[in-house]
Amino acid sequence: MRRFLGKGPRHVARLDQFLVRAVSRQPQGDHDDFFRQLSAAATKGKLWFGVAGVLASFPGRPRRAALHGLLALGVASGVTNLVFKTALPRTRPQPEHLPVFRFVHPQPVSSSMPSGHSASAVAFAVGAGMVWPALGIGLAPVAAGVAYSRVHTGAHWPSDVVFGSALGAGAALLTRKWWPAKPLEPKPRRTAAEVPAIADGEGLSIAVNTLGGSYTPETGELLRQIFPKAHIHEIAEGDDVAAEIDAVATQPGTVALGVWGGDGTVGTAAAAAVGHSLPLLVLPGGTLNHFARDLGTNSMDDALAALTRGEAALVDLGHVVVERGLPELPETTEMAMLNTASVGVYPNLVRRRERLQPALGKPLAGLLASLRTFGANSPTTLTVDGRRHKLWILYLGRGRYYPSDHAPLRRPILDDGVFDLRMISADEPFARARLLWAVVTGTVAASKVTHLSEATGITVESVGQPLVLAVDGEPKPGVRKAVFSVRSRELRVYSALPEVD
């Protein structure tokens, strides 16, 4: 068997010898030095590590392309050198097959079949190109040059190069199955709603939560300057926020309800706006202003522009029915949900990420926050639609969020009619280690511990101890059951985004 593989099948051997003779007949020239140097540069992946280093210095797609190219290269190199070079021993071309000025010195001593240089080159080019197609097109001639250089310098037979290239492409495709492409994020889209255009705040009633993250004693005066004819009411500490907002919404002459505060306050105002058939103006008064950001009104100028032009969008509203107290005597409350709800360590993850983000940027802040959160916390046991789970995170977004991992940030469409359900499971063997590895490699969305789905209604129940349920950032302790449903396009909100259908 070894002798057969050493000579190769006859038809392959004849073709190899024919092609090598064709290469040997080429006249000597500068191209000999070029291919010798190119082959040497690609030895042990030096060329591709250098390319990856340059790409990694640019965030976003270049960095992802570099990481995936190196991952594919690592798989291809391991399979080639540890498996096939042992399983398929073959003698390399001899000095008599090529002119001495073209023959590589010293010649490698490992099996000629397959070409490791070719496998690594094609794996990196294809792997990076799957993330960034234009880069793959640019790298293709370089990878082809590396592959050909192994024949030109007498290091391999042509069939070694073909087989190695096939292994490299296969490794890239295999790793892409494990690390799938991120779904394309749609452009922001809005469905237009009819609302009154308001100048100087006439007909606008604004509820201001003084406990909002950006509130200062000058806030009320600033709003009165911007909206001189508006009714502005400040909600003090200890007041019933829902009752105060409802009173603001019922002020005589009110045609639109404005709100200044965090996401929890905005959610309460949204319920009041729907209840009184009023459009809602969201002013960026909270610490994070997630909903205002999604609307495109994350600055006062944007909100004012939408109000004066009378531009608004229809938005889905989540509805949550929560049961608390003893199982025999449950207390039921209802609330609106604008953004997200969660059980588990997600609020801790968000807080850590937001705290680190100004200094480190989003990617690194998310990575460090995830490692800290998942490394230190314990999972929660609950049931979701009747099925029992052990989870670190149950995340429920009102609308489809992006990216598809454990730390979603953006919601381009606000009326898609679905909940974005993400569960980070602790049920699988070595779940914590697998999750931490997925966080480090950026493959959380494709990990076996991550479960992604969409639904129009979801029921969550505690197992044993009651749950702490966070709705739009507001923690609700003692929850035994929560039923979520979507009310399609129920809310009209002033939106400054130009993409209105």
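Derivation of every value follows stated rules applied to the coordinates shown; laboratory data play no part. Keep in mind it's a predicted model, so treat the numbers as computed, not measured. A quick note on method: Cβ atoms are made from the backbone with ideal geometry, for glycine too, and the neighbour counts reach across all protein chains shown.
I'd like the orientation of helix 46-56 relative to the chain: the angle between its Cα long axis and the longest Cα principal axis, in ° from 0 to 90, rounded to 10. Orientation of helix 46-56: about 10 degrees from the principal axis. Which distance in nm do the two modelled labels at Leu222 and Phe58 give, with both placed 7 Å along the Cα-to-Cβ direction? For Leu222 paired with Phe58, the spin-label model returns 3.8 nm. Computed from the C-beta positions of Ser485 and Glu428 and an R0 of 22 Å, the FRET efficiency is 0.15 to the nearest 0.05. Rounded if a/c is under 1.5, else prolate if a/b is larger than b/c, else oblate: which is region 204-315, with a ≥ b ≥ c the root eigenvalues of its Cα gyration tensor? Since a/c stays below 1.5, the shape of region 204-315 is classed as rounded. Note on percent of Cα pairs over 32 Å apart: of the candidates (i) 37; (ii) 47; (iii) 55, the value calculated from this structure sits at (iii). Compared with the direct C-alpha span, the chain from Glu454 to Ser299 gains 52.7 nm at full extension, assuming 0.36 nm per residue. Sorting Ser111, Ser277 from the fewest to the most surrounding beta carbons within 10 angstrom yields Ser277, Ser111. Calculated FRET efficiency, Ala247 to Glu474, Cβ-Cβ distance, R0 = 30 Å: about 0.90 to the nearest 0.05. Take Leu174 and Asp200, extend 7 Å from each Cα along the Cα→Cβ direction, and tell me the distance between the two endpoints in nm. Simple spin-label model gives 7.4 nm for this pair. Non-local lysine pairs in the chain, meaning eight or more places apart or on different chains, with alpha-carbon distances under 22 Å, amount to 10. Which of rounded, prolate or oblate describes region 332-382 when judged by the alpha-carbon gyration tensor and an a/c cut-off of 1.5? Cα axes put region 332-382 in the oblate bin. Under 10 °C and 1.306 mPa s, how fast does region 2-178 diffuse according to Stokes-Einstein, given a Kirkwood radius computed over C-alpha pairs? Answer in µm²/s, whole number. Value of D from the Cα-based Kirkwood radius: 97 µm²/s. Region 29-68 and region 205-240 have Cα centres spaced 58 Å apart.
Taking 7 Å steps out from each Cα toward its Cβ at Leu360 and Glu334 produces label points 4.3 nm apart. Contact order for region 422-501, expressed relative to its length and based on alpha carbon pairs under 8 Å spaced 6+ residues apart, stands at 23 percent.
Summary value for region 204-315: 27 percent relative contact order, contacts being C-alpha pairs under 8 angstrom separated by 6+ residues. Taking all Cα pairs closer than 8 Å and separated by 6 or more residues, the relative contact order of the chain comes to 14 percent. At a Förster distance of 41 Å, what's the computed FRET efficiency of Glu237 paired with Arg372, Cβ-Cβ distance as r, to 0.05? Computed FRET efficiency for Glu237 and Arg372: 0.80. Peptides 425-436, 118-129 ranked from most to least packed, by the mean per-residue count of other Cβ atoms within 10 Å: 118-129, 425-436.
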